[in-house]
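Presented below is the structure to which this report refers.
The values are calculated or read from the model by the stated rules, or taken from the named source; none is laboratory data. Computed from a predicted model, the values in this text were never measured in an experiment. Note: ideal-geometry Cβ built from the backbone for every residue, glycine included; neighbour counts use all protein chains shown. All accessible areas refer to the heavy atoms of the entire protein, side chains included, with ligands and DNA or RNA removed. Shrake-Rupley method; radii C 1.70, N 1.55, O 1.52, S 1.80 Å.
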Amino acid sequence: MDNDTSPKVAPQATLDSSELVGRGNREGNRLFKEWYGRVSSGPERGEKAAYVFVMGSAAELFESFGFNLVLPEINGLQTAVRHVAEDYIDQAEGYGFATDVCGYVKADVGMQLRGGDHPMGRIPPPDLALQTNVCNTYIKWGEIWERLYHVPVVTLDIPGSRAAGRLPGRGHVDYENDLAYVRGQVDELVEVCEQVSGRRFDQDRLVEAMSHANSMTRDWVRVLELNKSRPAVYNAVTDGTVYLGAVNALRGRVEGADYFRDVVEELEYKASHGLGTPFEERHRLAFVGVPCYPIYRKFSEMFTQHGGIFVGSSYTWFASGGWSTGYEYDLAHPLDSLAEGLLVTGRAAMDTMFHVDRVLAEMAEPYGIDGIVFHAIKSCRTVSSGLADSRRAVLEQADVNALLIDSDHMDPRVVAEAGMRNRVDAFFEGLETRRLLAGARS
Amino acid sequence: MGTHVLDDWGGLSLDELLRDCRDLVEDPDYPTVRRWREAGGKVVGHFEVYFPEEIVAAAGLLPVKIHGAPIEARQGDAHFGSNLCSIVKTSLELALSGRLELEMFVSHPICDTARNLAAVWGRNVPYPCEILYLPQNATSRHAATYLRGEYQRLQRGVEEIAGRTVNDDDLRRAIAVYNENRRLLRRLYEIKRETPWLLQVDEAYVLVALGGRIPREEHNLLLSAVIPMLEQRGTAPQDRMRIVFEGGFCEQPPLDLLTTIAQSSYVVDDDLLIGLRWLSEDVATDGDPLANLATAYLDHSSYSPVQHDDRKPKEEMLLRRIRESGAGAAIISAAKMCEPGLDEQVPYVRALEAEGIPYFVNEFEENMTSFDSLQIQLETFIENVLFAGAEV
Ligand code: SF4
Ligand code: SF4
């Protein structure tokens, strides 16, 4: 029996390895900076800013109206990786926000209070904002902008799964009820976009953006699948975060589609040549949660130094807005399909947070996962509240080791690095023992 | 009406009745629910904040409001992280410890923690657990139609549990019972507002909370008897500050905390257990009952930090509550680690400052047991306010 579940790739002998390998990261970082530059200079060109969240961004629609997308979660994480998050958080706490409020929210409040000053540029205030319910904190966050700026803050309510695994599809009365609701809200959103932008809705521009998004989606699914390769062709936490930045910031744009075509090319090349990450791969891991940005590099090294490579990450599922589902728009029915896409992907994003145990149990075998790292963060109750229970449920279903650690993705004051390192070390001892036992058995 | 779950209370004095109600509300073993089950009844538990109990009652089931409990979450703790409010842990504890047996559990997407609660609950019990997706886009033109469909979905699930279908007349009858209940609860709050010396905040609380664990027909009988007793209560008014308590929309402060507040002030309005009082007007009993319930939820309802509705900016709603109740100050509270509650404190405080209304900010936990420092702080706050008032 063929147990090789690695994705099949055609050898590409003509490509030059030095040009290809690492291109995704280099280009991703370049495009990301370019995007920040465009957002920052938007007001000079009279362009308007739409604040959206990574889960349920409706980026294609905003793109069609010529808005620059501002992604406040990404602004937040950038302050953390650049070690300035605490300043912003302090400012928000001084304004009245409690220590228990999500660090992303507070970093944004801090940034708004200092006129958009941010390490990546000057972020313009919103002309319009879209908040989905995929994370409830989004809604509370949007209410802050409403109060600060008195601009339209539109809610897009996406009903999620009512229970684990209950996913009625097309034709089912419940699905159709949800879809009609989302569809109606999309029309309402279009009306607001028209008012704020002063432009009429342009179906051709939407179709163009959707077509780029479709291309990105196909490639994104391929990127995720390619990490079934042994060795893994990228680290789903570190490289994966670079890719995620592009998924969100460039969604619906031609440079996004081009970028992901190139990423797939690079990763297929690596897969066909047996090239992995720069680190030894002794243990194939899945990551659940949001990375520890305040000590991003050291956090990653805690695992790579033991030969632990993240081949999958729930972050790449939900923080891509659920585009890991592979949903592609029907370009013949753009607004209908936009609504369905938002419903299907929004629901998937929620499922990969609230019912992550199911996805993990399914991916353990095809991805050859030995261990799962659950990273609960104080800020984020959406992702973290159920992790202890998910860990218990996964251990009942799959033969893997599992580690639960906690810190924060923003606030360095609650990151206890030494304690976390001890627990990670002990986790790898367990994985080594498992490996020895497996070796002895075979 | 069907099963009675309260002991015969005829002939009891007002104080005895209030004491018995308090005992029942504080009992984490839900004796009234047990009695219902012993008589062969089935139970649907629903979490905070609002739930359309009429749909469950119409099927002959007992809807039970789950809002945590003053218990140690021995099993519940292990299923959650540490940075969470207490109510989700103690609510789960009620189920895992067998104190509260259910045929179905329904939660709502009120906050990030509660949405996880539904998933965790579902992984750990054998009966159906689900989320009722109440709309978060209340001003959408499509929200009412959507919500009607969502209620219909709930109804189908309830019918399966009940083993019978529910028709429009069943629903209308249930709505009528709940309308009567709403009328009585409104009267209770009128008494608090107009003659607060007749009804303390902790007493009103137990009278409201009991409704979440007994059939509403029985609750109506009880309230119909208690309200005239309250109206004739001989308590004399005292020179106390009139105050609004805000922050009890989900996790509930311990009763002793409310008693402590009552010792130094008159709480003339509050958002305690607001879900049980969410619909502010009668629901129409003619026409399409599910559509009527949906419209009432959206258009004739209260407010809370976990419902987004552009028509009801929370700070303006709070100011209105203060004005309409004639309060001179507010306690702005939140359950510990309740993110939406804590978020809301910021605009509340700013609005109160802008209006020059004195306020007192605090956090509570349902399981806290020491109130001495709260009492001192509150008394100092009230003295300061009265002193400042005297100076003016
Ligand atoms: S609570 Fe979590 S998902 Fe929501 S904004 Fe904060 S970090 Fe993101
Ligand atoms: S107390 Fe607050 S955080 Fe906890 S479940 Fe209720 S609304 Fe959510």
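Structure data summary
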read-out	value
In the stretch B:121-138, the residues that are open to solvent by less than 10 Å² (accessible area, probe 1.4 Å) and either within 12 Å of ligand 2 (Cβ to nearest atom) or more than 7 Å from every other protein chain (Cβ to nearest Cβ) (or both)	B:TRP121, B:LEU132, B:ALA138
Selection from the stretch B:1-33 of residues that are open to solvent by 70 Å² or more (accessible area, probe 1.4 Å) and touching a residue at least 24 places away in the same chain (Cβ under 8 Å)	B:MET1, B:HIS4, B:GLU26
All positions within the stretch A:162-192 that are open to solvent by 10 Å² or more (accessible area, probe 1.4 Å) and within 9 Å of chain B (Cβ to nearest Cβ)	A:ARG162, A:ALA163, A:ALA164, A:ARG166, A:VAL173, A:ASP174, A:GLU176, A:ASN177, A:ALA180, A:ARG183, A:ASP187, A:GLU188
B:ARG141 being open to solvent by 10 Å² or more (accessible area, probe 1.4 Å), part of a loop (DSSP other than H, G, I, E, B) and facing chain A (nearest Cβ under 7 Å)	yes
Answer from B:ALA69, B:ALA78, B:ALA95, B:ALA57 - the residue that is under 16 Å from the mean Cα position of the chain (by Cα) and either among the charged types (D, E, K, R) or more than 11 Å from ligand 2 (Cβ to nearest atom) (or both)	B:ALA69
Scan of the stretch B:335-367 for residues that are closer than 22 Å to B:ASN116 by Cα, among the hydrophobic types (A, V, I, L, M, F, W, C) and within 9 Å of another protein chain (Cβ to nearest Cβ), ordered by number	B:MET337, B:CYS338, B:LEU342
Among (1) of a type in the set (Ser, Thr, Tyr); (2) surrounded by fewer than 21 Cβ atoms within 10 Å (Cβ to Cβ); (3) assigned to a helix (DSSP H, G or I) - the single one B:TYR146 does not satisfy	(2)
Unmet criterion (only one of (1) touching a residue at least 40 places away in the same chain (Cβ under 8 Å); (2) surrounded by fewer than 18 Cβ atoms within 10 Å (Cβ to Cβ); (3) within 19 Å of the chain's Cα centre (by Cα)) for B:THR285	(3)
Yes/no for A:GLU396 being surrounded by fewer than 21 Cβ atoms within 10 Å (Cβ to Cβ), within 14 Å of chain B (Cβ to nearest Cβ) and either closer than 26 Å to A:ALA349 by Cα or in contact with a Phe, Trp or Tyr (Cβ under 6 Å, 6 or more places away or on another chain) (or both)	yes
Helices (runs of 4 or more DSSP H) lying entirely in the stretch B:30-129 (those with 1 or more residues that are closer than 20 Å to B:LEU255 by Cβ)	B:31-38, B:86-96
Answer residue from the stretch A:75-96, given it is buried (at least 23 other Cβ atoms within 10 Å of the Cβ) and of a type in the set (A, V, I, L, M, F, W, C) and is nearest to the other protein chains (Cβ to nearest Cβ) among those	A:ALA92
Yes/no for A:ASP108 being acidic (Asp, Glu), modelled with pLDDT of 95 or more and within 20 Å of the chain's Cα centre (by Cα)	yes
Those residues of the stretch A:276-298 which are away from ligand 1 (no atom under 16 Å from the Cβ) and open to solvent by less than 10 Å² (accessible area, probe 1.4 Å), in sequence order	A:HIS283, A:ARG284, A:LEU285, A:ALA286
Residues located in the stretch A:156-199, provided they are charged (D, E, K, R), within 24 Å of B:ASN137 (Cα to Cα) and outside any helix (DSSP H, G or I)	A:ASP157, A:ARG162, A:ARG166, A:ARG170
Residue list for the stretch A:372-403, restricted to those being within 20 Å of B:CYS85 (Cβ to Cβ) and away from ligand 1 (no atom under 16 Å from the Cβ)	A:ALA388, A:ASP389
Among (1) within 14 Å of chain B (Cβ to nearest Cβ); (2) surrounded by fewer than 21 Cβ atoms within 10 Å (Cβ to Cβ); (3) in a loop (DSSP other than H, G, I, E, B), the one test that A:MET55 misses	(2)
